[in-house]
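I have placed the structure first, in the form of C-alpha cells, so that the comments after it can refer back to it.
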Amino acid sequence: MIQMSLKGIMRELKELKDGIGNMSKRGDQSKLWRSRTRSHVAPDEAPLESQLSEQSPWANLPPELLLDIIQRVEESETAWPARAVVVFCAAVCRSWREITKEIVKTPEQCGRLTFPISLKQPGPRESPIQCYIRRDRTSSTYLLFYGLVPSEGESDKLLLAARKVRRATCTDFVISLVADDFSRASNTYVGKLRSNFLGTKFTVCDSQPPCGSMIQSAARLSRRFHSKQVSPRLPACNYSIGTVTYELNLLRTRGPRRMHCILHSIPVSAIQEGGTAPTPSALPQSLDEQLSPLHSSKGKEPIVDTISPSILATPVFSPGSREPLALKNKAPRWHEQLQCWCLNFKGRVTVASVKNFQLVAAVEPSHNVSPEEQEKVILQFGKIGKDIFTMDYRYPLSAFQAFAISLSCFDTKPACE
C-alpha cells in the first residue's frame, strides 16, 4: 500500500466517492448532500461518517502516510475539475478531513478555491482569481463560474448563483450555493443583495456574522425561519456587511456610472502594510447539522422576516470598531478617436458597456496606504459577450463579496445614467 502510485490512490478515492453517491440515493437527507456536491465548490464535512469509517479501507492509515498522501494529492491537483480529488480526501472519514483542512490553504495563501468556506475568505494579494458570470434573462438568474471564459463542454465549476426578485419597493438578489434552490430557508443560502426603490443604493447581507465582530450581532439583523418551525436549532440571520451606492445623474451628463462601496466587515487597516483581512475558518453550520431532519428543506414554507428592509440598510458598529474599507470606481479616460470612456482591463473585457467597472481603494493620506496599494484594482467586472461577463477579484475581497457588488450592476438605474 505504501508503494501505491498517486494515480492509484486517486482512482481509489474516486471509487469511494462513487460509493458515497450510491449510498446517498437513500433518504431525503442524502438527496440534499447530492445536490450540494454537484453544484458548489465542495462540502466542508462528509455525510454518513459512521458508515464511511466502517467501509473505507483508508480510515486506519498511519498518520505519517496519510499526511504524505494528502499532501501529494493537494500539490498535484491545482485546478478544477481535477481538484475534486482533494474534496474526496476530506470525505473519507474524520481523520482524513481534519488533515485535509490543515493542508489546504486559504485562497489568500494559495490562490485556489476548494471548500465552500473559500467563497467567504479573501482572495490572493497578487494575482486575482478570475471568474465569469452567465446571465439568464428568462429565469432572472446569474451564475458565477470559476474560470477565464466559458468552456465548450460547460464543465466549469459553479461557485455561486443568484436570482433577481422584484418587489414593490426594492429588488433582491438572493445568493445561493446551488442553481436550483434560492429559498432563504435553505441550507444553501449564503446571503443577498437588496436595493432601494431607485436602484441607487444596495445593501450586502451575509448569512453568517462577520469575522472579528465588527458589527453587533444582536442588532440590525434579519432572522428567517420556516413558519412551521417553532424553535429552530440554529436560526439563520442576515447580517448587513456593506453597501454599494451609485451617484445620481439626473441631468444626464456624459460619463460612466460612479459607484462607492463601504465594506463594514473589512477594516481599512487590511490594506495597510502588515494588515490582515478577517478570514472565517468555517461556515456557521456543519453539514451534519444541515442534513438533520430539522434542517431538511422538503417544502418551501414562507419565510418570516422580523425587521423591515429599512433597518437592514443601516449597519450598527460595536464600540471601538475600526474604520471600514471604502472602494471607488477607477476613473476612466476619454478616448478622442473612439469617442468613448476607456479603462485598461488587460484583455479581460471586450465589449463596451455601462456596466463595466474597476474598483480601487478610496483612502485618505492619514490611512498610510502605499501608492502601489491605492492603484491596485481590487475588483473588475465587464462584458465579453451576450449575457457573459468576467469578474476578477483579489484581496481583501472574497468571492461572495465580489459577486454581490457585481450583481448591483444588473439592476435598473434610471436616475444614474
Rounded to the nearest 20 debye, dipole of the stretch 58-104 from Cβ charges on Lys, Arg, Asp, Glu: 200
Placed amide H near L159: partners under 5 Å, 5+ positions off or other chain: L144, F145, Y146
Where GluC sites (Glu not before Pro) fall in DSSP loop in the stretch 74-129, at most 12 other Cβ within 10 Å: E126
Extension gain (nm, one decimal) between T138 and H260, 0.36 nm per residue minus Cα-Cα: 40.9 nm
Inter-site label distance for L148 and T78 at 7 Å from Cα along Cβ, in nm: 1.5
Estimated vicinal HN-Hα couplings, Hz - the stretch 177-186 in sequence order (Karplus 6.51, -1.76, 1.60; Gly, Pro = x): 7, 10, 9, 10, 8, 10, 6, 6, 8, 7
Bins of 5 Å, starting at 0 and running to the largest distance - Cα pair percent for the stretch 58-104: 5, 24, 38, 23, 8, 2
Length added when fully stretched, E375-Q109, from 0.36 nm per residue minus Cα-Cα: 93.6 nm
Förster-model FRET efficiency, 25 Å R0, D387 and L338, C-beta, rounded to 0.05: 0.55
The stretch 58-104: relative contact order in percent, alpha carbon pairs under 8 Å with at least 6 residues between: 41
Cleavage-rule hits (trypsin sites (Lys or Arg not before Pro)) in the stretch 77-161: DSSP loop, at most 11 neighbouring Cβ within 10 angstrom: R137
DSSP-loop trypsin sites (Lys or Arg not before Pro) across the stretch 165-198, with at most 15 other Cβ within 10 angstrom: R167
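Values quoted throughout were computed directly from the atomic coordinates according to the rules given, and no laboratory measurement underlies them. The shown structure was predicted, so the numbers you read here are calculated from the model rather than taken from an experiment. Cβ atoms come from the backbone with ideal geometry, glycine included; neighbour counts cover every protein chain shown.
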